[in-house]
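Everything below concerns the one structure shown next.
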Amino acid sequence: MKKHYLLGLILILFVCACSKNLSEVAAGGSSNPTTKPPVHDTTRTQATDTVKKDTIKTQPPAPVVPFPETVATAPPAPSCPISPIYGDTIIYPQPTGGADYIVNPVNNPGSGKYFSWPVGMVLDANTGAINVTKSETGLKYAIGFVRSGTTDTCLSTLVIGGASYMDSVYVIASGATAAVPYFEADPYLLTTCATGNGCSFDVNGTAASSKVIVNKSTGVIDVQKTLNGSLLSLGGAFGLLPQNGSSVTTTIYYKLTDASNNALQHIDVQLVYFNTKADIGNSSPGLLSGITNAVNNLLAGHLISTTANPRPPLIVIVRRLN
């Protein structure tokens, strides 16, 4: 039922049919050698270049090498060390009393460099140590290792547990007014905080200070109130008279009652406003197809992105259809 509900929700939210592209890396850490890397982040860059830039939070450094176009499905060749291993396929932030929670590889492939995709993981390029506290949570990552003196890239995938939001379009006039989080990089896992079972969102009020309205117990973003504001405020997150392409990025700090043991986590969310659906295409060509590609990748268990473009979930708020 969750799966049917989610797919139905996507059909409502996406008011424009876009072609699918499922050429991202698969859950096992390999990509399809017969396809080219998707271009959805390129279109997203085109979109965000048209809106004002925000400096609320600086993104972690981008990978310095591109994601490999093809990865052999056979075991690594003798010249290629084994892939980075972190003891499990999913790790969780943990309370540390103010210190950063660091997870190191459990294997030692030798001297070389570590890389990760997409942007969001804070990874030590020399040791492979992951700063989980400072990394974006709720996302599946690919981690690569290139041994010194070689050009072979060995890959593994790793999920950092937590909450995230789908890249989506919300048309207020069509009744799409709530952005629901999913958890542990699983787009079908929607119920972790659905009943208000001890989860806490926007715990320090950062989102509220940006007039992004987040349910404190469930993490659901009220996109209508975020757009319109309250009776006592002069407009919502985009101001009293929002302009096409207006953008705001905020950080949502939260705690979950899962294996993270109520450790403080965070996720950046980017919101963009348009008056009508037609304005999206006029202002940001390719944005809708880029969103569709990101959703297709997520639903298929692939990485959302393998490029160095910004990672925050993209919530597009549209006031009316036309």
Positions within segment 65-97 being β-branched (V, I, T) and either at pLDDT below 90 or assigned to a loop (DSSP other than H, G, I, E, B) (or both), in sequence order: V65, T70, V71, T73, I82, I85, T89, T96
Scope segment 81-96; condition among the polar types (S, T, N, Q) and surrounded by 15 or more Cβ atoms within 10 Å (Cβ to Cβ); matching residues: S83
Every pair of residues 6+ apart whose Cβ atoms lie under 6 Å, when the first sits in segment 130-153 and is more than 16 Å from I102 (Cβ to Cβ) and free of Cβ contacts under 8 Å to residues at least 60 places away in the same chain while the second is open to solvent by 40 Å² or more (accessible area, probe 1.4 Å) and not in a strand (DSSP E or B): S148/S111
Members of segment 264-288 that are modelled with pLDDT of 95 or more and either closer than 17 Å to Y92 by Cβ or among the aromatic types (F, W, Y) (or both): Y273, F274
Near pairs, Cβ below 6 angstrom, 6+ apart or cross-chain, from segment 232-247 (touching a residue at least 24 places away in the same chain (Cβ under 8 Å)) to any residue that is open to solvent by 40 Å² or more (accessible area, probe 1.4 Å) and of a type in the set (D, E, K, R): G236/K211; A237/K211; S247/K52
Enumeration of residues in segment 252-303 that are open to solvent by 10 Å² or more (accessible area, probe 1.4 Å), of a type outside the set (S, T, N, Q) and in a loop (DSSP other than H, G, I, E, B): D258, A259, L264, P285, G286, A300, G301, H302
Subset of segment 181-195 [surrounded by fewer than 23 Cβ atoms within 10 Å (Cβ to Cβ), over 26 Å from S83 (Cβ atoms) and touching a strand residue (DSSP E or B) at 6+ places or on another chain (Cβ under 8 Å)]: Y182, Y188, L190, T192
Residue list for segment 125-140, filter: open to solvent by less than 10 Å² (accessible area, probe 1.4 Å), under 20 Å from S305 (Cβ atoms) and not hydrophobic (A, V, I, L, M, F, W, C): S135, E136, T137, G138
Filter result for V103 (crowded, with 22+ Cβ neighbours inside 10 Å and aliphatic (A, V, I, L, M)): no
Residue check, G198 small (G, A, S), outside any helix (DSSP H, G or I), open to solvent by 30 Å² or more (accessible area, probe 1.4 Å) and in contact (Cβ under 8 Å) with a residue 24 or more places away in the chain: yes
Residue in segment 308-316 that is open to solvent by 10 Å² or more (accessible area, probe 1.4 Å), over 21 Å from V248 (Cα atoms) and in contact (Cβ under 8 Å) with a residue 60 or more places away in the chain present: no
Residue check, T195 of a type in the set (S, T, Y) and within 17 Å of the chain's Cα centre (by Cα): no
Residues within segment 201-215 that are on the phi > 0 side of the Ramachandran plot and touching a residue at least 40 places away in the same chain (Cβ under 8 Å), tallied: 1
Residues of segment 168-180 satisfying the condition of being open to solvent by 20 Å² or more (accessible area, probe 1.4 Å), of a type outside the set (G, A, S) and over 18 Å from Y254 (Cα atoms): I172, T177
Enumeration of residues in segment 217-249 that are open to solvent by less than 30 Å² (accessible area, probe 1.4 Å) and either of a type in the set (G, A, S) or assigned to a loop (DSSP other than H, G, I, E, B) (or both): T218, G219, G229, G235, G236, A237, F238, G239, P242, G245, S246, S247
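The values are calculated or read from the model by the stated rules, or taken from the named source; none is laboratory data. Note that the structure is a prediction, hence the values are computed from the model and not measured. A quick note on method: Cβ atoms are made from the backbone with ideal geometry, for glycine too, and the neighbour counts reach across all protein chains shown. For accessibility, only protein heavy atoms count, side chains too; no ligands or nucleic acids. Shrake-Rupley method; radii C 1.70, N 1.55, O 1.52, S 1.80 Å.
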